[in-house]
Amino acid sequence: MIRNVNPPLADSSSAVSLLRVPVKPPVHLDRGWFHWLEGPVFDQIRPGPLDADLTAHGNGEPIGTKIIVHGRITDSDGNPVRHTLVEIWQANAAGGYIDSLDQSGFPLDPNFFGAGRCLTDHNGYYRFITIRPGPYPAMFRDGGRAWRASHIHFSIFGSSASSRLITQMFFEGDALIKHDRLINSITCPLGRDALIAKLDIDNTISESFGPPRTRPTLDGSGVLVDPPARSDANALLPRNPSALAYRFDIRLRGPRGTYFE
């Protein structure tokens with residue numbers, strides 16, 4: 001009798017494994033499928049129209065500064081990397097992740113889930129709308145503690161990469177960058193600079209007037225007053241579109257290639 005030495009898919013001693021067990025029967029593919037199909041196949045998991053807007057999935061606006069993160073993904077010769085899946089994940093404005101392993105105790109935002117995805121277009125261009133993530137203190141394996149600068153995690157996956165590529169994006173002008181142990185593990189100044197997104201004021205959206213508040217607010221004397229009646233066109237907007245823009249270009253390889261984890 002041959003014993004089954006493989007552990008069960010769902011192991012009660014590992015809470016994480018219970019969340020990763022397939023709930024549907026396996027799909028059996030033709031034996032030659034992996035040999036003739038050009039991959040990866042995104043048509044079966046094509047991102048939806050709102051997957052790139054991380055601010056659009058709650059019942060209201062998430063807290064924090066809304067930002068646009070955009071750029072191009074190119075190869076070593078500057079050619080666009082087309083039809084490539086770009087995924088991001090990040091902390092909310094308070095520095096908290098929606099993650100069972102996050103033990104920071106920082107508040108979670110019920111209107112912000114911290115993950116999105118999109119496909120690059122014909123020119124290798126991608127674009128996300130999100131919230132600027134907050135910094136947070138981190139503990140490292142050697143026992144050291146240091147603040148992580150605000151950052152966004154990127155995953156690149158497509159036919160131009162033999163495996164998923166992971167990197168992190170930082171923000172120009174963030175004073176915590178010089179204290180962040182991860183980006184400073186890169187000894188080359190140009191390598192560190194390649195991970196820092198630049199403020200793109202030309203693509204920033206600036207609108208002073210948005211939809212009216214629905215609840216009374218305090219006036220200068222501390223009295224609750226109802227929002228004033230408005231007849232301008234912006235009063236009909238579902239949300240204020242204003243957002244700061246940051247440009248983050250990614251080069252997959254070559255002497256000026258982006259550093260990946």
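The values are calculated or read from the model by the stated rules, or taken from the named source; none is laboratory data. Quantities reported herein were computed from a predicted structural model and do not represent experimental measurements. Neighbour counts run over all protein chains shown; Cβ positions are idealised from the backbone, glycine included.
Find the residue count for the range 76-91, including only residues that are within 18 Å of R46 (Cβ to Cβ), outside any strand (DSSP E or B) and of a type in the set (A, V, I, L, M, F, W, C). Spell out the reasoning first.
Residues of the range 76-91 within 18 Å of R46 (Cβ to Cβ): 81-88.
Subsequent filtering for residues that are outside any strand (DSSP E or B) retains 81-84.
Next cut, of a type in the set (A, V, I, L, M, F, W, C) only: 81.
Counting residues in the range 76-91 that are within 18 Å of R46 (Cβ to Cβ), outside any strand (DSSP E or B) and of a type in the set (A, V, I, L, M, F, W, C) gives 1.
Out of all the residues in the range 185-215, which are within 21 Å of the chain's Cα centre (by Cα) and free of Cβ contacts under 8 Å to residues at least 24 places away in the same chain?
Answer for the range 185-215, where residues must be within 21 Å of the chain's Cα centre (by Cα) and free of Cβ contacts under 8 Å to residues at least 24 places away in the same chain: R192, D193.
State yes or no: is I98 under 13 Å from the mean Cα position of the chain (by Cα) and either farther than 26 Å from S185 by Cβ or not in a strand (DSSP E or B) (or both)?
yes
Could you look through the range 228-241, keep only residues that are over 30 Å from F157 (Cα atoms) and either surrounded by 13 or more Cβ atoms within 10 Å (Cβ to Cβ) or of a type in the set (A, V, I, L, M) (or both), and pick out the one that is farthest from the chain's Cα centre (by Cα)? I'd like the intermediate steps shown before the answer.
Initially, the range 228-241 is screened for residues over 30 Å from F157 (Cα atoms), giving 228-240.
Still in the list and also either surrounded by 13 or more Cβ atoms within 10 Å (Cβ to Cβ) or of a type in the set (A, V, I, L, M) (or both): 229, 233-237, 240.
Working: A229: 37, A233: 32, N234: 29, A235: 30, L236: 29, L237: 25, N240: 21 Å.
It comes out as A229.
If you check G116 against the conditions, is it modelled with pLDDT under 95, closer than 30 Å to D200 by Cβ and surrounded by 12 or more Cβ atoms within 10 Å (Cβ to Cβ)?
Values: modelled with pLDDT under 95: no; closer than 30 Å to D200 by Cβ: yes; surrounded by 12 or more Cβ atoms within 10 Å (Cβ to Cβ): yes.
So G116 fails the test.
Considering only residues that are within 22 Å of F128 (Cβ to Cβ) and either surrounded by fewer than 17 Cβ atoms within 10 Å (Cβ to Cβ) or hydrophobic (A, V, I, L, M, F, W, C) (or both), which ones fall in the range 156-173? Talk me through it step by step, then tell me what you get.
Kept after step one, since they are within 22 Å of F128 (Cβ to Cβ), are these residues of the range 156-173: 156-161, 164-173.
I156, F157, S159, A161, R164, L165, I166, M169, F170, F171, E172, G173 - these are the residues of the range 156-173 that are within 22 Å of F128 (Cβ to Cβ) and either surrounded by fewer than 17 Cβ atoms within 10 Å (Cβ to Cβ) or hydrophobic (A, V, I, L, M, F, W, C) (or both).
Among the residues that make up the range 177-184, is at least one of them under 30 Å from G143 (Cβ atoms), out of contact with any strand residue (DSSP E or B) (no Cβ under 8 Å at 6 or more places or on another chain) and in a helix (DSSP H, G or I)?
First pass over the range 177-184, keeping only residues under 30 Å from G143 (Cβ atoms): 177-184.
Those still in the list that are out of contact with any strand residue (DSSP E or B) (no Cβ under 8 Å at 6 or more places or on another chain) too: 178, 184.
If we keep only those that are in a helix (DSSP H, G or I) as well, we get 178, 184.
Yes, the range 177-184 has at least one match.
Yes/no matrix, rows are residues, columns are (1) touching a residue at least 60 places away in the same chain (Cβ under 8 Å); (2) part of a strand (DSSP E or B); (3) in contact with a helix residue (DSSP H, G or I) (Cβ under 7 Å, 6 or more places away or on another chain):
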position: V69; (1), (2), (3): yes, yes, no
position: A93; (1), (2), (3): no, no, no
position: G105; (1), (2), (3): no, no, no
position: C118; (1), (2), (3): yes, yes, no
position: R127; (1), (2), (3): yes, yes, no
position: W147; (1), (2), (3): no, yes, yes
position: H153; (1), (2), (3): yes, yes, no
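Which residue is nearest to P47 (Cα to Cα), if the candidates are limited to the range 129-140 and must be under 18 Å from the mean Cα position of the chain (by Cα) and part of a strand (DSSP E or B)? Talk me through it step by step, then tell me what you get.
So the first thing to find is which residues in the range 129-140 are under 18 Å from the mean Cα position of the chain (by Cα), and the list is 129-136.
Now restrict to residues that are part of a strand (DSSP E or B): 129-131, 136.
Working: I129: 15, T130: 16, I131: 20, Y136: 30 Å.
My answer is I129.
How do the pairs read when you match residues in the range 242-261 that are at positive phi with residues anywhere that are of a type outside the set (A, V, I, L, M, F, W, C), using Cβ under 7 Å and keeping only pairs 6 or more apart or on different chains?
G254/S76
Test I63 against the stated conditions and say whether it is under 30 Å from T214 (Cβ atoms), modelled with pLDDT of 60 or more, within 16 Å of the chain's Cα centre (by Cα) and not in a loop (DSSP other than H, G, I, E, B).
Numbers: under 30 Å from T214 (Cβ atoms): yes; modelled with pLDDT of 60 or more: yes; within 16 Å of the chain's Cα centre (by Cα): yes; not in a loop (DSSP other than H, G, I, E, B): no.
When the stated conditions are applied, I63 does not pass them.
Here are the criteria: (1) under 17 Å from the mean Cα position of the chain (by Cα); (2) closer than 30 Å to I201 by Cβ; (3) modelled with pLDDT of 90 or more. Tell me which single one P49 does not satisfy.
Among (1) under 17 Å from the mean Cα position of the chain (by Cα); (2) closer than 30 Å to I201 by Cβ; (3) modelled with pLDDT of 90 or more, P49 violates only (3).
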